[in-house]
1. What do you get for Rg/Rh over the chain if you use C-alpha atoms and the Kirkwood form of Rh?
2. Starting at 0 and stepping by 10 Å, how many percent of the alpha carbon pairs of segment 1-45 end up in each bin?
3. Given a 1.4 Å probe and the protein chains all in place, what does the accessible area of residue 3 round to, in Å² to the nearest 10?
Amino acid sequence: MATSEVLIRELEAADVLVIATPMHNYGVPAVLKAWVDQIVRIDRTFASTPGGKVGKLPDRPVWIVVASGGWFTGPSPTGALAQPDF
């Protein structure tokens, strides 16, 4: 819990959040998933209410930069169809 609290306090102190990550096998790397698992804590960073989950951290600008290979917006130069990737 101590490490989780340190990460949450860093997030609370940030004016802007920038996440830059590659995409591996149609998903995020394990280290990014582990960070998310540490900062998402019930009654600390979100609350469960009868109306659903409600965030408890203040809003801030968030930029997510994802690097991945492949062709996504139309046929590739070889004529292959675009990959159904996110």
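The values are calculated or read from the model by the stated rules, or taken from the named source; none is laboratory data. These numbers come from a predicted model, not from an experiment. These area figures cover heavy atoms from the full protein model, side chains too; ligands, DNA and RNA do not enter into them. Shrake-Rupley method; radii C 1.70, N 1.55, O 1.52, S 1.80 Å.
1. Computed over Cα atoms, the ratio is 1.11.
2. So the P(r) values, bin by bin, are 24, 50, 24, 1.
3. About 90 Å², rounded to the nearest 10.
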